[in-house]
Amino acid sequence: MEFLEIIRKKRDGGKLSREEIEFLVENYVDGNIPDYQMSAFLMAIYFNSLDTEETAHLTESMAESGDQLDLSRIEGFKVDKHSSGGVGDSVSLVLVPLVGAAGLKMGKLSGRGLGHTGGTIDKLESIPGFRVSLTEEEFLKRVERTGIAIMEHTSDLVPADQKLYELRDVTATVKSLPLIISSIMSKKIACGPDGVVLDVKTGSGAIVDSYQQAEDLASGCVGLGEEVGLNVSALITDMSQPLGSSVGNALEVREAIQVLKGEKRGDLREVTVNLTAELLLQSPKADSLEEGLEIAEGKLDSGAALEKFESLIESQNGDPRVATDPELLPESEERLEVPAPDSGYVSELNALEIGKGANLLGAGRSEKGQKIDPAVGITLNKKLGNKVEANEPLAWLHYNDREHLEEVQRMVHGAFTISGDAVEKPELVKKRLR
Ligand code: URA
C-alpha cells in the first residue's frame, strides 16, 4: 500500500477502506510515515471530511494503536466521562467522587491543561502529595478498593491520538469534526467502560465555533458509540461564560469542595448532577432521568460525595484533610480587584478571554512542559445576567508574579460587557442525546 496514494485519494474526495486507514495509523505510530505527509493527510480530511464508516475505522484503529485498559476484574457498572474542554470547568473533580458515592465504578484517565482550557491533572496536583502518575496495576487496585481513581493519561494508551493531536495543534487541523470525534472516542473505547457520558460545550470558550457544530459533534460521538457497541450519552452545555466562578488550579479545587460539601449551588453543580444522572440512567441504578437526578442531588447534600473525595485523595497519597479544610491548598501572595466601570447587567462574559488571562497569570502553559503556579488564577464575583453597581468587584486576580498583571487586568475588564437592560442567563443544558 502506498501512503501517497491514500493522501491523493482523500485529497480528491474519495472514500478510504478500513485497511487503508489501519495501514496509515499503524505506520504513523511506528514512525514509518513522516509528519509532513501526515500533515497533508490531516489537511485533506479537514477539507473533505470522513464519512461515518471512515470515522469508525479511524477511531477503532486509534483505540487499538497501543495498550488497552483491562477493567474486567472490576465488579459493577463502570463508567467514563469526557468533556470537550472548558474554562472554570471542574466537573470531573466533583463528578468522579459523586458517581463513586452513587455506587458506580470509575477509573478516569485525565489530561493537563490544553490551550485556554484547564486540565484535571493540573488541578489535582495542587492537592499536597496527590499522585497522578500510577502504573496500571496501582490504578486498578485503587478502583477495586475505593470504587474510583484518577490518573494521568499515559503515552502507552492510544499513542495514535497523542501523536496526531500534537500534529493537529501545529497544522491548524484541530477543528475537524471527524478528527475530534475519533480523538475523543478512541480514548473512551481503549478504557473499556460500560457507559460513557460526554459534555460537549458550546459558546465562546468551546473548541467548536457554533451550536450546530456542537450538536454534530455530540451526535457523531453517540452514533459512533452505537456503531462500536458502547453506550454513549451526550449533553450539550453552555460555555459562553466560565462554568464555575473560579479559574485556576487550587482555586477550582476549592470551588469543587464547596460543591461536594453541598454548600454551593449554581452551574457547576447543575452540569455535574445532570451528567451523573445520565450515567446512573445507563446503569441499573436508575430507571428514569428524574431518579438519577434525585440520587445525585442526595449524595451531594448528604456529604457522601465529599467523603468519597476524601477517600480518593487518601488512596492517591494526597493530604485528605484538604477535603474538609481547603485552607491547606496553596494560596497566592497577592490579590487584585477588577472593578465594574458602570452600573447595569452583565450581558457578556467571554470565557476564552478569562481562560487566557488565568493562563497568563501562570495557571496554564503557553508551551509544553512549562511549569505552572497552582495558586494563581481568577475568581469571578459576577456572571451573566447579574446586576452590577459601578466600582463593585467584577472579579479578582490571584497572582504571585506581576509580569502580565496589567495585561490580564485589561483582558478581564474586556471580557465583561455591562448593559443597561436586564439580561437572561443562558440555558445551561441545551440538549440531551442518547
Ligand atoms: N478533546 C479531545 O480529546 N480531542 C480533540 O480533538 C478535541 C477535544
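The values are calculated or read from the model by the stated rules, or taken from the named source; none is laboratory data. Because the structure is predicted, anything quoted here is derived from the model rather than measured. Here the Cβ positions follow ideal geometry from the backbone for every residue, glycine too, while neighbour counts run over all protein chains shown. Surface accessibility is based on the protein's heavy atoms, side chains included, excluding ligands, DNA and RNA. Shrake-Rupley method; radii C 1.70, N 1.55, O 1.52, S 1.80 Å.
Only residues that are charged (D, E, K, R), open to solvent by 20 Å² or more (accessible area, probe 1.4 Å) and closer than 23 Å to GLY357 by Cβ: list them for segment 99-147, please.
Scanning segment 99-147 gives ARG112, GLU125.
Looking only at segment 300-309, count every residue that is in a helix (DSSP H, G or I), in contact with a Gly (Cβ under 9 Å, 6 or more places away or on another chain) and open to solvent by 40 Å² or more (accessible area, probe 1.4 Å) and tell me the total.
2
How many of the residues making up segment 162-184 are open to solvent by less than 40 Å² (accessible area, probe 1.4 Å) and more than 9 Å from the ligand (Cβ to nearest atom)?
Adding up the residues that qualify gives 4.
Kindly provide the set of residues from segment 357-402 that are part of a loop (DSSP other than H, G, I, E, B) and surrounded by 19 or more Cβ atoms within 10 Å (Cβ to Cβ), ordered by number.
If the condition is that a residue be part of a loop (DSSP other than H, G, I, E, B) and surrounded by 19 or more Cβ atoms within 10 Å (Cβ to Cβ), then GLY364, ILE372, ASP373, PRO374, ALA375, VAL376, LYS382, LYS383, LEU384 are the ones that fit.
Return the only residue of LYS105, LYS78 being more than 16 Å from the ligand (Cβ to nearest atom) and free of Cβ contacts under 8 Å to residues at least 60 places away in the same chain.
Criteria check complete, one pass: LYS105.
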